[in-house]
Amino acid sequence: MAGEGRPRTLFPMCGIVGYVGQKQALEIVVAGLRRLEYRGYDSAGVAVISDGELIVRKKAGKLANLETLLGSDPMPDSTTGIGHTRWATHGGPTDSNAHPHVSENGQVAVIHNGIIENFSELRDELTSAGVTLTSETDTEVVAHLLAAALPESDGDLAEAMRRTCRRLEGAFTLVAVDRRNPDLVVAARRNSPLVVGVGVGENFLASDVAAFVDHTRDALELGQDQVVAMTAASVVITDFAGEVVEATPFHVDWDTAAAEKGGYDLFMLKEIAEQPKAVADSLRGRISKDHRIQLDETHLDEGILRSINKVVVIACGTAAYAGMVAKYAIEHWTRLPVEVELASEFRYRDPIVGPDSLVIAISQSGETMDTLMALRHAKSQGARTLAICNTVGSTIPRESDAVLYTYAGPEIAVASTKAFLTQIIAAYLVGLYLAQVRGTMFEDEIRAVLQDLNDMPSKVDLVLDTTEPVRELARELSGSASVLFLGRHVGYPVALEGALKLKELAYMHAEGFAAGELKHGPIALIEEGVPVVVIVPSPRGRAVLHDKIVSNIQEVRARGALVVAIAEEGDEMIANYADHVIRIPAVPTLMQPLVAIVPLQIFACEMALAKGHDVDQPRNLAKSVTVE
Ligand code: F6R
């Protein structure tokens, strides 16, 4: 059996914060962790240095548990601190497995995001040297190695970190403090996110800029295999060999308010409401006055775009469904074949990609390990790569030949909403750009689609104006054991996404199907009262799609299904076939996913609320999945 005989491993995928400056480190670190809790919420911990002492508090469960502990067992004042919020894939989240981990001699504390793949050998080495390990984690190994490397590094924590990292295999962000260097925080990065926030008289480290955007919007991207040594006044970055390297500075273009709930009870509700703006922002500046797509920012080479003979989209979850929607449009506009592949499957099937392929990696976080690994495989095969991403400075865009950012702003709720819409927008822009460069559409055709896209923010707004019917329906159906979703054409990925939202938020069996596929098996699932949500194509566009879905509705209704139709204004006929009709604005076929998904997001959110679930942080999930 794989892994037999190995100690049980905890593979964290976590949020990390580090601070050194003049202010109370603990306050800053805990506030940062709150912003990063979306990355994991199985346990949390902090370490500060005060009067030459290293003090640690950590607790299993959500950050609130740690805060309670800090209330009953306060920490002393300190201007240097680190903090961690954890998501584990193996083993129970316990107090002892929570980070920070401290070396046996009590000198250094370490927090970690990622996997130390050779930790088992390192652990054996440490135990044979007489070190007693007190947790099941791979991280603790690093704490002991780092402490052991300090004397041979003349007490230089950054050098000890470099020495330690050279021995590590796997993916990791590590952040450490040393009680003998009270004004220093050191971190290392390989294949795992880490950004530096540059302040005045203070500096920050975090997995995501959201942790420090309250304090500074000036940041530095760290490259692969780099170590950063940070004091209140300086940031020095080296590679693992000790060569000083230049970091790329960037400015965070969203503010604190964007990462707060802004008056909403839930981040998810706020993010659903932000969708019109997110769509508008993602279009802005990308359409010239003479109605041409301008994507100069991406550095997409027109010659390459002319030479490619296929497009491959790699992505996971919601991002993959956005890719599936885009496939219909890009194939239609460019006549190029578009494959959409789940990133986690891509490199294991020996995909046919090469210099003639444009591989588009879609990722909100830019850190999803499955997508990153698929991207690297595509690059190794010589493919041209483009990232569609929402997180500036993250790994996937950094490693792609070109990048088109979505401007959704920070997405904090674990369930993706506004990212989905903006990913579709960005992929559509890429499709239209390809069509423009390759001459597969006339200028006026492109102009008409651009007009449709420009109309979308106000159409999404219209959906948001009337959410009560769908919320009421969600409450009514919250006792259902299962909900099925049907769609055709671009409505099919919408059905998949609607089902995914319901699974992750309401913990309910939900499945999306291509409506025509139902009769090939899944229709056996239909029994009296099973809710079936149907995304109804416009009767105006390709009427055949509408006719076919009406037949599919009749098939399930005849078997007792309770049909909820998501149908456009003016489609009066549908009322004859459905038990409930949720109205969306009439838009062209390819635009329909942008409005049709919105009631499904609200449906899932309301259903979760009705069942008393934590909408922003559903169980077992994390926002940024940095393990494969
Ligand atoms: C679902 C959801 C996930 C993500 C997926 C990819 O609501 O959020 O399915 O879409 O984990 O994440 P990114 O886009 O960050 O690569």
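The values are calculated or read from the model by the stated rules, or taken from the named source; none is laboratory data. A quick note: this is a predicted structure, and the numbers were derived from the prediction, not measured. Methodologically, a virtual Cβ is constructed for each residue, glycine included, from the backbone with ideal geometry; neighbour enumeration extends over all protein chains shown.
Identify, please: which residue in region 398-421 is in a helix (DSSP H, G or I) and within 13 Å of the chain's Cα centre (by Cα) and is, among those, nearest to the ligand (Cβ to nearest atom)? I'd like the intermediate steps shown before the answer.
The first filter runs over region 398-421 and keeps only residues in a helix (DSSP H, G or I), leaving 398-399, 418-421.
Adding the requirement that they be within 13 Å of the chain's Cα centre (by Cα) leaves 418-420.
Working: 418: 11, 419: 6, 420: 8 Å.
Out of the qualifying residues, it is 419.
Go through region 516-552 and give me each residue that's under 15 Å from residue 483 (Cβ atoms) and in contact with a strand residue (DSSP E or B) (Cβ under 8 Å, 6 or more places away or on another chain). If the condition is that a residue be under 15 Å from residue 483 (Cβ atoms) and in contact with a strand residue (DSSP E or B) (Cβ under 8 Å, 6 or more places away or on another chain), then 518, 522, 525, 526, 529, 530, 531, 532, 533, 534, 535 are the ones that fit.
One line per residue, one yes/no per condition, for (1) farther than 27 Å from residue 597 by Cβ; (2) within 16 Å of the ligand (Cβ to nearest atom):
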position	(1), (2)
282	no, yes
287	no, no
293	no, no
302	yes, no
305	yes, no
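Which one of these is within 19 Å of residue 404 (Cα to Cα) and either away from the ligand (no atom under 13 Å from the Cβ) or without any contact (Cβ under 8 Å) to a residue 24 or more places away in the chain (or both): 372, 358? The unique qualifying residue is 358. Just one of the numbered conditions (1) under 30 Å from residue 458 (Cα atoms); (2) in contact (Cβ under 8 Å) with a residue 40 or more places away in the chain is not true of residue 556: (1).
Residues to consider are 600, 621; find the one that is surrounded by fewer than 17 Cβ atoms within 10 Å (Cβ to Cβ), within 16 Å of the ligand (Cβ to nearest atom) and either modelled with pLDDT of 95 or more or not charged (D, E, K, R) (or both). Before the answer, list the steps.
Numbers: 600 fails: surrounded by fewer than 17 Cβ atoms within 10 Å (Cβ to Cβ).
After ruling out the rest, the residue left standing is 621.
Any chance region 241-254 includes a residue that's out of contact with any Phe, Trp or Tyr (no Cβ under 7 Å at 6 or more places or on another chain), of a type outside the set (Ser, Thr, Tyr), at pLDDT below 95 and closer than 29 Å to residue 593 by Cα? Within region 241-254 (the criterion being out of contact with any Phe, Trp or Tyr (no Cβ under 7 Å at 6 or more places or on another chain), of a type outside the set (Ser, Thr, Tyr), at pLDDT below 95 and closer than 29 Å to residue 593 by Cα), the answer is yes, since at least one residue qualifies.
Can you tell which of 64, 129 is without any contact (Cβ under 8 Å) to a residue 24 or more places away in the chain and either over 27 Å from residue 625 (Cβ atoms) or of a type in the set (Ser, Thr, Tyr) (or both)? Spell out the reasoning first.
Values: 64 fails: either over 27 Å from residue 625 (Cβ atoms) or of a type in the set (Ser, Thr, Tyr) (or both).
Exactly one of 64, 129 is without any contact (Cβ under 8 Å) to a residue 24 or more places away in the chain and either over 27 Å from residue 625 (Cβ atoms) or of a type in the set (Ser, Thr, Tyr) (or both), namely 129.
Does residue 378 fit the bill of being surrounded by 24 or more Cβ atoms within 10 Å (Cβ to Cβ), part of a helix (DSSP H, G or I) and more than 14 Å from the ligand (Cβ to nearest atom)?
yes
Summed over region 458-490, residues that are crowded, with 20+ Cβ neighbours inside 10 Å and out of contact with any strand residue (DSSP E or B) (no Cβ under 7 Å at 6 or more places or on another chain) total 6.
Taken over region 471-500, the criterion of being more than 23 Å from residue 554 (Cβ to Cβ) and in contact (Cβ under 8 Å) with a residue 60 or more places away in the chain is satisfied by 471, 474, 475, 478, 493, 497, 500.
When restricted to residues that are without any contact (Cβ under 8 Å) to a residue 60 or more places away in the chain and assigned to a helix (DSSP H, G or I), region 326-355 contains 8.
Looking across region 381-393, the residues that are on the phi < 0 side of the Ramachandran plot and away from the ligand (no atom under 11 Å from the Cβ) come down to 381, 383, 384, 385, 386, 392. In the set 167, 217, 190, 180, only one residue is under 21 Å from residue 117 (Cβ atoms), more than 20 Å from the chain's Cα centre (by Cα) and not assigned by TED's automatic domain parsing to the domain that holds residue 372; that residue is 167.
Residues in region 569-587 that are in contact with a Lys or Arg (Cβ under 9 Å, 6 or more places away or on another chain) and among the charged types (D, E, K, R): how many? Write out each step before concluding.
Going residue by residue through region 569-587, those that are in contact with a Lys or Arg (Cβ under 9 Å, 6 or more places away or on another chain) are 569-571, 577-579, 584-587.
From what's left, among the charged types (D, E, K, R): 569, 571, 579.
Looking only at that region, the number is 3.
From the residues in region 313-332 that are surrounded by fewer than 24 Cβ atoms within 10 Å (Cβ to Cβ) and more than 13 Å from the chain's Cα centre (by Cα), which one is farthest from the ligand (Cβ to nearest atom)? Among residues in region 313-332 that are surrounded by fewer than 24 Cβ atoms within 10 Å (Cβ to Cβ) and more than 13 Å from the chain's Cα centre (by Cα), the one farthest from the ligand (Cβ to nearest atom) is 332.
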